[in-house]
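To start, the structure under review is shown below, and the notes come after it.
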Amino acid sequence: KKLIRVNRHRQLLELALVAFVLSSAWFFLPALSPCLRKDSEFPKAEAENFSKSRELVEATQGLWCEDPEGEYNPLASLLFGSLEEVVNFLFMPSNGFHPFPGGVLVLFTFLFAISACFIAGSSMATGIFIPMIVIGAGTGRSYAYLLQFVLPYLANIDPAAYAVCGAAGFVSGVSRISVAITVIMLEMSSDLKLLMPIMLTTGIAKFIGDCLTEPYFEMVLHMRHVPFVEPEPSLTFQQLRCYQVMQRPVICLPVEAKVMDVLRVLSDTTHNGFPVVESMDVQRLHGIITRGHLQFILDNIEEFLSSTEDVTSITELRNHYLATHTVLLSGQQIVDAVDPMNLGRTIDLHRWMSRAPVTVHQLNSMEQAFLTFRTFGLRQLLVVNSEYLLVGILTRHDLFHVQHDPEMYRPQTQHDHEDLTRLRLRSPSARSLDNSPTGFAPAQPRLRRMSSSQEWGQQRLERRIAAPLLDSHPELPGLEEQAVRRTSTAHRIRQATSVR
């Protein structure tokens, strides 16, 4: 599928447009908020809150105020402050004073949530975790102000506690993380009395989120069509066999490979791993080698073509780091790195490949292939037959399409499958499915057990067919009894067993 936002010019235009709109809104909207006096909204009566109040006073903004030294704009302080300062604002205990009125806090939370939604879906390289804490804390503190306004006898409640619980609930509902968020919020509040409210808030938020929609991060993976393998296989995996989903023919390399063949494979494809077979004619699987290993071999071709094995490059090649962290080179870069005089020489890949690749039989269900992928954390899974001949390959993209596009494989799921034992018992031609490296014999109809009514009807039909033959050919005795015996269940089973 086509990825989202692959146009570079569109990404730059989107980035500039979002930055212009947000900067303009952030600058002009604080003009709607009245300015407040610093000395009245940040009292210094308590010594333990003096240092914290001073930090908050220094972090306030005097934008659109007549006296920037003695006044501050609460909306500008929230919009232009860093996320750390905003979190400190929202988690600050009340202590009888409210430096940020409820209306301003509601407006800020709404504007910040709208902007965070646009930025999260744009091309900006921004995080989402701290903005989720800010949105949840703003919502929780606004709810506390609403309770104080509607129910005057709750005037002594602490808005900071509601802010902590609101942040925990919002992050848990969006990301479906409960235990880690509980620990993080408890550390941020430094108040053990909030443990039970935080646990209840995160649990309820996660339950409601699971009932309504999937997590945000999984939504992003689906939107960008990232081949993310789900934790559990769907029902479609149980109805498919590996040979119905696998990709073939497979791009592979022989054990004794020429430098020219390795160079052509690397320059023509972008695959991460290549199976190593006995030869291109007899594709009996011997192992698998990664793209990083092949690139490293070509970069140090003189050392690897030597007969000695105690060279420095060999020790580095056996490092697993090369298999996952090698930079993907372009075709021209790979060609330029090889001396033309070495194109006809041969490399023994048997010394450098992985000799125990994870494989799956072509007749196994896709559910077993899925569990193998999840258990070993694979990027590709090789498919073989009973003679260990390579017949196909499965990748995470194949599992992704089976999981999320089951309609594509609907015709295959309607086919009736049989295990290998029944295939062998049924007819000799079915054995070619096990011996053929790439081809598959056409499926034969399965022998089904007939019910008693079906047997009685079949016997009547064959008696009616046999009656004219008995009249015209009296030399065929027992023809009617043979017809009855052929339709019996015991005779059908004996006939199927004698095929072998």
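Quick look at the values:
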{"read-out": "Positions within the stretch 396-409 being open to solvent by 20 Å² or more (accessible area, probe 1.4 Å) and within 13 Å of the chain's Cα centre (by Cα), in sequence order", "value": "Arg396, His397, His401, Gln403, His404"}
{"read-out": "Wholly within the stretch 24-118, helices (runs of 4 or more DSSP H) carrying at least 2 residues that are under 26 Å from Ala155 (Cβ atoms), modelled with pLDDT of 85 or more and not charged (D, E, K, R)", "value": "74-80, 83-90"}
{"read-out": "Yes/no for Leu394 being at pLDDT 85 or above, in a loop (DSSP other than H, G, I, E, B), touching a Cys at 6+ places or on another chain (Cβ under 8 Å) and aliphatic (A, V, I, L, M)", "value": "no"}
{"read-out": "Selection status of Ala205, touching a helix residue (DSSP H, G or I) at 6+ places or on another chain (Cβ under 7 Å) and either open to solvent by 40 Å² or more (accessible area, probe 1.4 Å) or in a helix (DSSP H, G or I) (or both)", "value": "yes"}
{"read-out": "Val164 open to solvent by less than 70 Å² (accessible area, probe 1.4 Å) and within 30 Å of Gly273 (Cβ to Cβ)", "value": "no"}
{"read-out": "Any hit, the stretch 175-195, residues being in contact (Cβ under 8 Å) with a residue 60 or more places away in the chain, among the hydrophobic types (A, V, I, L, M, F, W, C) and open to solvent by 60 Å² or more (accessible area, probe 1.4 Å)", "value": "yes"}
{"read-out": "Of all residues making up the stretch 370-383, the number that are farther than 12 Å from Gln247 by Cα and either surrounded by 16 or more Cβ atoms within 10 Å (Cβ to Cβ) or modelled with pLDDT of 95 or more (or both)", "value": "4"}
{"read-out": "Search result, residues across the stretch 307-320 that are among the hydroxyl-bearing types (Ser, Thr, Tyr) and either assigned to a helix (DSSP H, G or I) or at pLDDT 70 or above (or both)", "value": "Thr312, Ser313, Thr315"}
{"read-out": "Within the stretch 215-246, considering residues that are among the aromatic types (Phe, Trp, Tyr) and in contact with a helix residue (DSSP H, G or I) (Cβ under 6 Å, 6 or more places away or on another chain), the one surrounded by the most Cβ atoms within 10 Å (Cβ to Cβ)", "value": "Phe237"}
{"read-out": "Pairs, first in a helix (DSSP H, G or I) in the stretch 142-155, second among the aromatic types (Phe, Trp, Tyr), C-beta under 7 Å, six or more apart", "value": "Tyr143/Tyr162; Ala144/Tyr162"}
{"read-out": "Residues satisfying the stated conditions in the stretch 248-278, i.e. touching an Asp or Glu at 6+ places or on another chain (Cβ under 8 Å) and either at pLDDT below 90 or of a type outside the set (Val, Ile, Thr) (or both)", "value": "Leu253, Pro254, Glu256"}
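The values are calculated or read from the model by the stated rules, or taken from the named source; none is laboratory data. Just so it is clear, the structure is predicted and the values come from calculations on it, not from any experiment. With ideal geometry, Cβ positions are generated from the backbone for all residues, glycine too; neighbour counts draw on all protein chains shown. Accessible surface is based on the protein model in full, side chains and every heavy atom, while ligands, DNA and RNA are left aside. Shrake-Rupley method; radii C 1.70, N 1.55, O 1.52, S 1.80 Å.
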